[in-house]
Amino acid sequence: MTDRLDSTDFLPYGCHDITEADIECVVDVLKNQNITQGIIVPEFEAAISRYVRSRYCLVTTNATSSLHLACLALNVSKGDLVWTSPTTFVASANCARYCGAEVDFVDIDLTTGLMCLDKLEAKLELASKNSSLPDVVIPVHLAGTSVDMRRLHQLSLRFNFSIIEDASHAIGGSFEDSKVGSCKFSDISVFSFHPVKIITTGEGGAITTNRKDLYQKMLSLRSHGITKQVHEFAYQKPGNWYYEQQLLGFNYRLTDIQAALGLSQLRRLDDIIIERQKLRQNYIDLLSNVPVRYNQVPDNVASSNHLFIIQLIDSMERSLAHVFDQMRYFNIGVQQHYVPCHLHPYYRNLGFEVGDFPVAEKYSQISMSVPIYPGLTINDQNRVVHTLMDIVNN
Ligand SMILES: *Cc1c(COP(=O)(O)O)cnc(C)c1O
């Protein structure tokens, strides 16, 4: 087996990429009059809208707050039902719980790791008979690979639910001819700008939509539910200091400092996506002699390749826990995406249990993300694959 390398050779599963140009853009803002609510936030929002071709965009403190605002905009509340994928980060489900709604999950497709739309359709047909249809479905574009939004949209028309795309992994990706975030087949899309994601603002998130009513409500809720627009006032203003709080909102605002970093990163997004596609292809080539599978990308999808997820095959002697620990021992920062959401204690306490979503559970017993990010070299990728090969063959 290869010798263990020292910790300077640690390869994380994901890593941000900050250039000198990014730093200059941030420093420029720090010298400005406004470091929080200046002109850069709206500039960043307009740039995202232009990129994904959505009518509206608003940026927030993170994707978690974006998902919360999205649910509130769609009036998700107590007595409502929201369905999402069990193979996701907990925030995709928690947003519905913040609003007092019930959550349920739809099992996944093993080959892609995405919500299985056959299972969704069957579950909707059953729910339709029991009058327990969901109000909102939140598909998760795992690893940056879009769910089949055309089919999901058709189901939403037939069964009358709204769609929030959890596109936290997927900025820069496409479904058919549309960028993820265009909301061609959904009400709202949400992106994350956490440093492990495709582009970063430190912490940060963005919401896109084509619906003016949803946009205006989220805009208000992002900043305490306060308006300063005279034409929106419920009462006569006593003077020019006046503003009104009309809804119970939050402070979910992104700063100009963060937006400057995001705007600068967004300029490189297409290059980042090309590099990630190349990294995926390298892995596919290098893995041709290793007895593992990896998540598939459907033909009508261009993935952002946020993650590269390998799957151990059934007959393998080595358990995932063993392979995972050995990879970590050799300084390869493998990670799992994800512990099935319904098996977290919080969700078990709501009544979910082992066996509820067997494919997601099986997936979690065989899948593991390996490092993928711009700057990862072919030597790094070789090291990842050779280490893996040594482990599974020994
Ligand atoms: C990262 C992530 C989130 C939350 O993003 P934050 O910006 O950290 O709040 C939500 N959903 C998914 C699928 C994610 O991967």
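The values are calculated or read from the model by the stated rules, or taken from the named source; none is laboratory data. Just so it is clear, the model here is predicted, and its values are computed rather than measured. All Cβ positions, glycine included, derive from the backbone under ideal geometry; neighbour counts span all protein chains shown. These area figures cover heavy atoms from the full protein model, side chains too; ligands, DNA and RNA do not enter into them. Shrake-Rupley method; radii C 1.70, N 1.55, O 1.52, S 1.80 Å.
Using the Stokes-Einstein relation with a Kirkwood hydrodynamic radius computed over Cα pairs, the translational diffusion coefficient of segment 111-168 at 4 °C and a viscosity of 1.567 mPa s comes to 110 µm²/s. Site-free segments of the chain were taken between GluC sites (Glu not before Pro) in DSSP loops having at most 11 other Cβ atoms within 10 Å, sites themselves excluded; the longest one is 1-316. The slack in the chain from residue 131 to residue 55, taken as 0.36 nm per residue of separation less the alpha-carbon distance, amounts to 24.0 nm. Between segment 342-358 and segment 24-78, the alpha-carbon centres lie 34 Å apart. Among 168, 75, 352, whose Cα sits farthest toward the positive end of the charge dipole of the chain (+1 at Cβ of Lys/Arg, -1 at Cβ of Asp/Glu, about the Cα centre)? Result: 75.
Per residue, the convex hull spanned by the Cα atoms of the chain amounts to 149 cubic angstrom. Accessible surface area normalised per residue over the chain is 45 Å², counting heavy atoms of protein chains with a 1.4 Å rolling probe. For residue 362 and residue 75, the FRET efficiency from 1/(1 + (r/R0)^6), where r spans their Cβ atoms and R0 equals 41 Å, is about 0.70. Near the amide H of residue 244, within less than 5 Å, lie the amide hydrogens of 227, all on another chain or at least 5 residues away, with H placed in the peptide plane.
Computed about its Cα centre, the charge dipole of the chain is approximately 940 debye, with only Lys, Arg, Asp and Glu carrying charge at their Cβ.
Here's the list of lysines a cross-link from residue 184 could span, going by alpha-carbon distance under 27 Å and ignoring same-chain residues fewer than 8 apart: 119, 123, 197, 212, 217.
Taking a ≥ b ≥ c as the square roots of the eigenvalues of the alpha-carbon gyration tensor, segment 1-150 is classed oblate because a/c is 1.5 or more while a/b is no larger than b/c.
Rolling a 1.4 angstrom probe over the chain with all protein chains present gives an accessible area of which 50% lies on carbon and sulfur atoms.
Across segment 269-393, the fraction of Cα-Cα pairs farther apart than 24 Å, rounded to a whole number, is 34%.
Work out the charge dipole of the chain with +1 on the Cβ of Lys and Arg and -1 on the Cβ of Asp and Glu about the Cα centre, then indicate which of 141, 58, 103 is farthest towards its positive end. Farthest along the dipole direction, towards plus: 58. The HN-Hα couplings worked out from phi for segment 152-157 by the Karplus form 6.51 cos²θ - 1.76 cosθ + 1.60 (θ = phi - 60°) are 4, 4, 4, 5, 5, 6 Hz, whole numbers, x standing for Gly and Pro.
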